[in-house]
Structure formats: structure tokens, C-alpha cells
Amino acid sequence: MKKRFIIIGCLIILLAIVKVECFPFGLPIEKSLPNTSIFVYSKDVRIKNINDFIIFLKNNTDKYDLKIFEDSNNNINWDKVKEAVKTGNIMWRRYYILYYTPKYCNMYFIKVTSNGHIYDYRSCGK
């Protein structure tokens with residue numbers, strides 16, 4: 001009986017590790033939402049702090065519509081972006097998240113874990 005509890009305990013720990021390391025945002029959503037796109041993918045990137053997250057965004061400006069953070073010269077004000085970044089944890093894995101609202105849309109956000117898992121949510125629907 002004691003062996004059974006040990007085996008079950010080890011399986012639970014193993015499942016938690018697999019969940020956090022492979023699917024930190026859960027399994028990809030298959031349902032369709034009106035005028036909403038949800039992208040879940042991984043990149044070979046390591047993000048140790050907010051500055052690394054800003055560098056990641058700078059290297060991917062073609063993917064993310066950050067015009068809401070532009071200054072009067074139509075340049076992205078990266079200090080404003082940095083102020084808008086929030087952090088959190090999924091168990092032991094740190095993530096960085098940026099909420100932003102492009103013109104004529106409800107809400108977008110990009111969430112990236114420290115080991116490169118990305119959840120990209122874009123909604124322009126109601």
C-alpha cells in the first residue's frame with residue numbers, strides 16, 4: 001500500500017513538471033471566437049528579466065502592433081512599453097506579459113515564459 005502511494009505521488013509530480021515545462025498556458029484552444037486569434041508556440045529564447053523581454057519585443061516588432069506606444073515622432077517609446085510589462089509565475093516558471101490595445105480592437109496581449117513559451121492573444125471582436 002505504501003509503494004502505491006509513493007508511485008502515485010511520483011506520477012503527480014511528473015505530470016506537474018510536464019505541464020509547466022511543456023504546456024505552461026494549458027493545451028492550445030481549438031474553439032473559435034469571433035474576430036479573435038490565439039497563437040500558442042515556442043521560440044528558442046531565454047528571458048531572464050524585463051529587459052530581455054523588451055529585447056524580444058524589439059526583435060519581433062513586425063509581429064506585434066505596438067503603435068499604441070509610439071511617441072510624436074512615430075518611434076516606439078520603449079520606456080512606456082517597459083512600464084506596461086507585468087510579471088507573474090506559473091509554479092516555478094516566470095512569465096512576462098504585455099497588455100495593449102491597437103486602434104479599433106478590444107485587447108491584445110503577449111505572454112512569454114522565461115524559457116520561450118509564447119501565448120499571443122489578439123481580439124478585435126465583441
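The values are calculated or read from the model by the stated rules, or taken from the named source; none is laboratory data. These numbers come from a predicted model, not from an experiment. Neighbour counts are summed over all protein chains in view; Cβ atoms, including those assigned to glycine, are modelled from backbone coordinates with ideal geometry. For the accessible areas, the whole protein counts, side chains as well, though only heavy atoms, and no ligand, DNA or RNA atoms are used. Shrake-Rupley method; radii C 1.70, N 1.55, O 1.52, S 1.80 Å.
The loop-placed chymotrypsin sites (Phe, Trp or Tyr not before Pro) in segment 64-126, going by DSSP, that have at most 15 neighbouring Cβ atoms within 10 Å of their Cβ come out as Trp92, Tyr104. Charging the Cβ of each Asp and Glu at -1 and of each Lys and Arg at +1, and nothing else, the dipole of segment 31-70 about its Cα centre rounds to 140 debye.
Shape of segment 31-92 from its Cα gyration tensor (a ≥ b ≥ c, root eigenvalues): rounded if a/c is under 1.5, otherwise prolate when a/b > b/c, or oblate? It is oblate, given that a/c is not under 1.5 and a/b is not larger than b/c. Give Lys48/Lys80; Lys43/Lys67; Lys43/Lys86; Lys43/Lys80; Lys43/Lys103; Lys67/Lys103 a once-over and call out the pairs whose C-alpha atoms are over 18 Å from each other. Cα-Cα > 18 Å for Lys48/Lys80; Lys43/Lys67; Lys43/Lys86; Lys43/Lys80; Lys43/Lys103; rest within. Accessible area per residue for segment 29-119 is 63 Å², calculated with a 1.4 Å probe on protein heavy atoms, without ligands, DNA or RNA.
Within the accessible surface of segment 67-126, defined with a 1.4 Å probe on protein heavy atoms only, the carbon and sulfur portion equals 46 percent.
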